[in-house]
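One structure is given below, encoded as structure tokens.
Every number here is computed from the coordinates shown, using simple stated rules; none is lab data. On a predicted model such as this, the values are computed, not experimentally measured, just so you know. Cβ atoms come from the backbone with ideal geometry, glycine included; neighbour counts cover every protein chain shown.
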Amino acid sequence: MTTPLLSLQGLTKAYPGVVANDQVSFDIGEGEVHALLGENGAGKSTLVKMIYGLVKPDSGTMLLRGQPFAPAEPRAARADGIAMVFQHFSLFDALNVAENIALGMENPPKMSDLATRIREVSETYGLPLDPYRTVGDLSAGERQRVEIIRCLLQDPKLLIMDEPTSVLTPQEVEILFETLNKLRAEGTSILYISHKLEEIRTLCDHATILRLGKNVGECVPAETSARDMAEMMVGSTLQTPERSGRDFGEVALDVSGLSVPSPSEFGTALRNVHMTVRKGEVLGIGGVAGNGQDELLGVLSGEITTAADAIKFNGQPIGLLGPTTRRKLGVLTAPEERLGHAAAPDMSLTENALLTGSVREGLENNGFLKWAETKSFAEKIISAFDVRTPGPENAARSLSGGNLQKFVIGREVLQNPDVLVVNQPTWGVDAAAAASIRQAILDLAAKGTAVVCISQDLDELMEISDSFAALNEGRLSAPRPTTGLTVDEIGLMMGGAHGMEVAHV
Amino acid sequence: MDLGEINPVLLVASLMVAATPLLLAAIGELVVEKAGVLNLGVEGMMIVGAISGFAISVETGSPWLGFIAAAIGGAVLSLLFVVLTQVALANQVASGLALTLFGLGFSALMGQSYVGVKPPSMGDIHIPVISDIPVIGPILFQHDPILYVGIALTAAVWATLKYTRVGLILRAVGENHDAAHALGYKVIKIRVMAILFGGACAGLGGAYISLIRVPQWTEGMTAGVGWIALALVVFASWKPWRALLGAYLFGGITVLQLNLQAAGVAIPVEYLAMSPYIITILVLVILSADKSSAPASLGRTFHASH
């Protein structure tokens, strides 16, 4: 057995309140495409940041070709042949391609020579790129090419790719895989991070699975079914909780033919979305991040307005109404981003309670605020949802993620909504807090509220939702009852196999 | 009124002198803003530079030492801005305003015993033959050395930003500090260096007013040039040569309106006095139609988090 290119031994990294990596060990062989699998928050990104020198491990060692390897900064890692393509592109919009590439190199040649080399390498690997174009004008796929070529110009021994396909079209994924296969043939090792199982089955030689910061198993992806890998990722068989035929009321929320362009430059437009949610029903919406989740929440909350008839609440068109009017009617939302979207970070919990509660809780009188009532509303949320904080006068920023999330969800739940839309209600929240948030959502539904739960946590959706639909590139699949739904079927709805078909063409 | 008394050669020569303090301060601030930091304390750093330079050259008798002291004085004051914004992560706008107010007050205190004192003169350079050419000689080749330093600095900053790796890294930090950090560049360190450079340039600009342009010390003698420098950087779209153009335009109109006042033109003095500000801003607003060139991270606080 030859020495592996990179050997990780017992890497541990803890942040306040969470152990991101706990005794992670595995080897990456020479010329191997090694997949690092895991759910959001499993510790994949932290692990690669340690390899790239951005984060220092608390304990554990790394060996590069048998030699101790402890990069103090990315420069040192790059000097040792480690290159990384970032999940969120580390590019400078106002600079041109050549300048961006020069910034990622230790000893870049003169600009004119560099431009020539960029042209050569980009032609060799089938990634055409004009060195003098401004990066801000490039498409997501072209931007990624800039990152990849920046890495290739340094002849890396190990290329780290963090979720490279999440922003690519299927055609671009195909090109990317050709490039990666070429690199593997030349002896470059690749550490490929993803949670797209079919991609990994197509591309990777070996896979390591992380769950809650721990290495929970390894497998050879080509010989393992997507279902088995998914179960290793989530840690148990995907449970389908019993949903005894609870009676649903009439349709509370009716979305039909909803198409909305994304407000942000790199967002996903919603395309012809149809769905109905009945009173007492929980509709779970799954899908990989960036497939229109934020836009869907925005259009349901009223932050993005649309044609009046596209969204109906109890038969009444509300597409043109803004968030406050919708709140008054009983349509409440809790967005994904806790600090900045769901809560104002530097304002107290009392003030945050007022921000969404003023309409329904009557915390306002002719423009004057009723602080006493607001404070007792905030205290009610804190006690009902077991929010750990010294008191409602504390700033939202001072709470841990889980506690703030309980507050944000609790604030909406206690306003007795008729329709509640939540996005990633338990993202980054510990298991106990997550369970109580899910329980609150279920209790609300039992009282007759129509709930839409957007999440990337399939386990969560299987646990709480009555029917399931998936967002894929802004399109929503037809909702199906959760009971009896298999992982393979869910994968198909999420478009998991879609990418694989294209990759084979 | 006699417009014939205005000598065009002297007018052009003196507009360059009038423009130099503005140019020096603007070039320094341009570098600071290119690194993504908005330092509104230019006026404060200028006036501290003005009194530092004035005091040292009076005490030592050497204008050169005075200018060096001015640069150090401006840089030391900018160090306060560094501590506030880069270490304590305070708001840049508020910190910059505080710096200006502090600088104005502190310089008045430092300068109490220097009111009415005459500083040593630096003298103009005189190159035989070239300086004696009619018209061109007096305009281009009969100035004090610091004026040429200002032009050289403009050229150096332009070339550094455009052609060198240091300039590229500086622009990268100002453009996207998170990406620069991810690539392993020391964002805070680079910004601190830029802020110190900006402070030194503003100090030089201030000392140019107190040692050469006026030359004497009075409280608040920078009279808003620091604020014009800030506006100039924005309207020059962060381009050094355009900043030089803007500074000369401002200097030109300042000198012209003084000449017009002296010639007794029948326009109220107040209108003439405000004309340089209005015309400079109007022209630069029209020039800066391309809004895209502002550094994307300008004024945003960087905090490394993983």
If you take every DSSP beta bridge fully contained in region A:251-483, what fraction is antiparallel? Give it as a percent rounded to 5. 50
Inter-label distance for A:Val220 and A:His274, nm, one decimal - labels placed 7 Å from Cα along Cα-to-Cβ: 4.6
Would you tell me the mean number of C-beta atoms belonging to other protein chains that fall within 10 Å of each C-beta in B:165-171, as a whole number? 3
Efficiency of FRET from Cβ geometry, A:Ser112 and A:Arg133, R₀ 22 Å, rounded to 0.05: 0.90
Using the count of nearby Cβ atoms within 10 Å as a rough guide to exposure, how do B:Val129, A:Val146, B:Val115, B:Val12 rank from fewest to most? B:Val129, B:Val115, B:Val12, A:Val146
In degrees, nearest ten, helix B:92-110 long axis to first principal axis of chain B (Cα): 40
Derived scalar couplings ³J(HN,Hα) [region A:466-475; Karplus, 6.51 cos²θ - 1.76 cosθ + 1.60; whole Hz; x for Gly, Pro]: 8, 9, 10, 9, 10, 8, 9, 6, x, 9
Can you give the net charge of the other residues whose Cβ lies under 14 Å from the Cβ of B:Ile188, counting K and R as +1 and D and E as -1? +2
When the Cα centres of region A:439-489 and region A:121-158 are compared, how far apart do they sit, in Å? 39
Dimensions in Å of region A:308-399 - Rg and Dmax from alpha carbons: 14.8, 46
Would you mind checking which residues have amide H under 5 Å from A:His206's amide H? H placed 1.01 Å from N; only 5 or more apart, or other chain. A:Val33, A:Ala35
Among B:Leu284, B:Ala19, B:Gly66, flag the residue with its Cα farthest along the positive direction of the charge dipole of chain B, charges on Cβ as +1 for Lys/Arg and -1 for Asp/Glu. B:Leu284
Cα gyration tensor shape for region A:11-67, rounded if a/c is under 1.5, else prolate or oblate: oblate
Roughly what angle does helix B:269-287 make with the longest principal axis of chain B, taking Cα atoms, 0 to 90 degrees, to the nearest 10? 40
Which lysines, if any, have their Cα less than 16 Å from the Cα of B:Lys239, not counting same-chain residues under 8 positions apart? B:Lys34, B:Lys162, B:Lys291
Quick one: if the Förster radius is 60 Å, what FRET efficiency do B:Leu79 and A:Asp247 give, using the C-beta to C-beta distance and rounding to 0.05? 0.25
Note on the protein assembly as shown, DSSP bridge orientation, antiparallel percent to nearest 5 equals 50
What Kirkwood hydrodynamic radius, in Å, does region A:104-189 give when the mean of 1/r is taken over all pairs of distinct Cα atoms and then inverted? 13.5
Those helices of chain A passing the 24 Å axial Cα length cut-off and the mean Kyte-Doolittle cut-off of 1.6 (DSSP H runs only) are none
Here FRET efficiency (C-beta to C-beta, A:Glu178 to A:Arg119, R₀ 22 Å, nearest 0.05) is 0.70
q = 0.08, 0.10, 0.15, 0.16 Å⁻¹, region A:6-234: log10 I(q)/I(0) [Debye, one scatterer per Cα]: -0.28, -0.44, -1.00, -1.13
Of the listed links A:Lys110/B:Lys189; A:Lys279/A:Lys406; A:Lys328/A:Lys375; A:Lys13/A:Lys380; A:Lys328/A:Lys380; A:Lys13/A:Lys375, those spanning more than 27 angstrom between alpha carbons are A:Lys13/A:Lys380; A:Lys13/A:Lys375
Fraction of antiparallel bridges per DSSP, region A:6-234 only, in percent to nearest 5: 55
Hey, got the Cα dimensions of region A:251-483 along the principal axes, in Å, largest first? 45, 41, 38
Give the shape of the protein assembly as shown as rounded, prolate or oblate, defined through the alpha-carbon gyration tensor: a ≥ b ≥ c are the square roots of its eigenvalues, a/c under 1.5 means rounded, and otherwise the shape is prolate if a/b is larger than b/c and oblate if not. prolate
For A:Val55, which sequence-distant residues (separation of 5 or more, or a different chain) have an amide H within less than 5 Å of its own amide H, given hydrogens modelled in the peptide plane? A:Met50
Hey, what number do you get for the protein assembly as shown at 222 nm if only DSSP H runs of n ≥ 4 count, each worth -39500 (n - 2.57), divided across all residues, to the nearest 500? -14500 deg cm²/dmol
In terms of the alpha carbon gyration tensor, root eigenvalues a ≥ b ≥ c, rounded if a/c is under 1.5 and otherwise prolate when a/b exceeds b/c or oblate, chain B is prolate
Can you tell me the order of B:130-139, B:92-101 when each peptide is scored by its average per-residue count of other Cβ atoms within 10 angstrom, highest first? B:92-101, B:130-139
Nearest 10 degrees is fine. How inclined is helix B:240-263 to the longest principal axis of chain B, computing both from alpha carbons? 30
For region A:6-234 the mean separation of alpha carbon contacts under 8 Å (6+ apart) over residue count, i.e. relative contact order in percent, is 29
Taking amide H positions as placed in the peptide plane 1.01 Å from N, state which residues far from A:Gly284 in sequence (5 or more) or on other chains have amide H under 5 Å from it. A:Cys453, A:Asp466, A:Ser467, A:Phe468, A:Ala469
Within 10 Å of each candidate Cβ there may be at most 15 other Cβ atoms; applying that plus a DSSP loop requirement, which trypsin sites (Lys or Arg not before Pro) in region A:70-113 survive? A:Lys110
